[in-house]
């Protein structure tokens, strides 16, 4: 059996992914992306689920985007059902980077409402990239159920996801702007402001929305 240079490179990269040093794992992930090979896919996905270093995780995702989609897509779709939150989050993140809409059925309501905030945020980002034409309004309605929840970064992520869908979000935002919960109203109004004026900072949009709600208003439709 002849061992090729690619075999040698692959073996070294696969060993490197298990090294205790983040710098070595980073170089191994870089090598896996620079020399695409379907043999890397399972190990890269497995490593994403447990990798503690942010920069290594980022490189692992890049390496996966470089592999054959026919191999990566089914593996990542399975991974979004993992019991490990980091596995779900990283798989969703990678699917958003690959951008192949065949993965859309994997973006379930359960993921969009995941109790782990990183998973939910990754699901929102993936959803707006993968949503098929004609499904944007339904996705906007699903995302709008999360308005007013979580801390600042979670709310900002949701607003960005909604704004990425464009004007189709206006009906659900205006409905939410009349909700009983003032937190929901504020978040909805702030998101609409960001849609109309992308240069507005999130904090400014939130503060303006709070003033509107405090005065009993509901934004453009609530007078």
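Coordinate-derived values only; no laboratory data. These numbers were taken from a predicted model, which means no experiment stands behind them. Cβ: placed from backbone, ideal geometry, glycine included. Neighbour counts: every protein chain shown.
Against the chain, whose longest principal axis is taken from its Cα atoms, helix 117-130 shows a tilt of about 90°. The alpha carbon centroids of the stretch 18-72 and the stretch 94-169 are separated by 25 Å. Rg/Rh for the stretch 9-130 stands at 0.96; both radii use Cα atoms, and Rh follows the Kirkwood definition. Hey, if you drop one equal point scatterer on each alpha-carbon of the stretch 127-178 and run the Debye formula without solvent, what base-10 log of I(q)/I(0) do you get at q = 0.18, 0.20 Å⁻¹? One equal scatterer on each Cα of the stretch 127-178 leads to -0.52, -0.64.
Hey, with R₀ at 35 Å, roughly what FRET efficiency would residue 78 and residue 203 work out to, going by the Cβ-Cβ distance, to 0.05?
Taking R0 as 35 Å, the efficiency between residue 78 and residue 203 is 0.35.
What's the percent breakdown of Cα-Cα distances in the stretch 65-144 across 5 Å bins, shortest bin first? Per 5 Å bin, starting at zero, the Cα-Cα P(r) for the stretch 65-144 comes out as 3, 18, 30, 26, 16, 6, 1 percent.
Between residue 214 and residue 23, the FRET efficiency estimated from the beta carbon spacing at R0 = 45 angstrom works out to 0.30. Rounded to the nearest 10 degrees, the inclination of helix 69-79 to the longest alpha-carbon principal axis of the chain is 60 degrees.
For helix 202-214, what angle does its Cα long axis make with the longest principal axis of the chain, in degrees from 0 to 90 and rounded to 10? Result, in degrees: 30.
Start at zero, step by 10 Å, and the Cα-Cα distances of the stretch 27-85 spread as 25, 58, 17, 0 percent across the bins. Taken along the Cα-to-beta-carbon direction at a fixed 7 Å, the label points for residue 50 and residue 65 span 2.6 nm. Counting only Cα atoms, the stretch 117-223 measures 39, 27, 26 Å along its principal axes, largest extent leading.
Full extension of the chain between residue 85 and residue 149 yields a length gain of 21.1 nm, computed as 0.36 nm times the residue separation minus the alpha carbon distance.
With all pairs of different C-alpha atoms in the average, the Kirkwood value for the hydrodynamic radius of the chain is 18.9 Å. With contacts taken as Cα pairs under 8 Å at a separation of at least 6 residues, the chain carries a relative contact order of 11 percent.
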